[in-house]
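Enquirer: I have a structure I would like to understand better, so I am pasting it below and will then ask my questions one at a time.
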């Protein structure tokens with residue numbers, strides 16, 4: 001139940017981000033857009049770690065998972 005709620009929240013947030021991407025893609029190059037998203041993610045992980053909501057190992061695991069998704073064979 002807890003995992004299903006988490007997944008629903010992730011999907012909802014992802015849909016909100018996805019809705020904003022077309023407008024951003026019209027105003028910025030793909031390189032700038034990806035760099036900005038990366039910077040945003042770095043900030044989110046840093047703040048989560050500072051608030052003790054995310055341990056460094058958990059942050060590294062999230063980054064590994066993103067690499068798997070982005071560079072899937």
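Bear in mind these aren't lab numbers, they're just calculated from the coordinates by the rules spelled out. If you're wondering where the values come from, they're calculated on a predicted model, not measured in any experiment. Backbone-built Cβ (ideal geometry, glycine too); neighbour counts: all protein chains shown.
Enquirer: Restricting to the range 25-35, name every residue that is without any contact (Cβ under 8 Å) to a residue 12 or more places away in the chain, surrounded by 10 or more Cβ atoms within 10 Å (Cβ to Cβ) and part of a helix (DSSP H, G or I). Step through it out loud before you land on a result.
Expert: So the first thing to find is which residues in the range 25-35 are without any contact (Cβ under 8 Å) to a residue 12 or more places away in the chain, and the list is 25-32, 34-35.
Going one step further and asking which of them are surrounded by 10 or more Cβ atoms within 10 Å (Cβ to Cβ), we end up with 25, 28, 32, 34-35.
Those that are without any contact (Cβ under 8 Å) to a residue 12 or more places away in the chain, surrounded by 10 or more Cβ atoms within 10 Å (Cβ to Cβ) and part of a helix (DSSP H, G or I): 25, 32, 34, 35.
Enquirer: Let me ask something else about it. Kindly provide the set of residues from the range 43-73 that are surrounded by 12 or more Cβ atoms within 10 Å (Cβ to Cβ) and not in a helix (DSSP H, G or I), ordered by number.
Expert: Across the range 43-73, the qualifying residue is only 54.
Enquirer: Determine, yes or no, whether residue 19 is in a loop (DSSP other than H, G, I, E, B) and out of contact with any helix residue (DSSP H, G or I) (no Cβ under 6 Å at 6 or more places or on another chain).
Expert: No, not satisfied.
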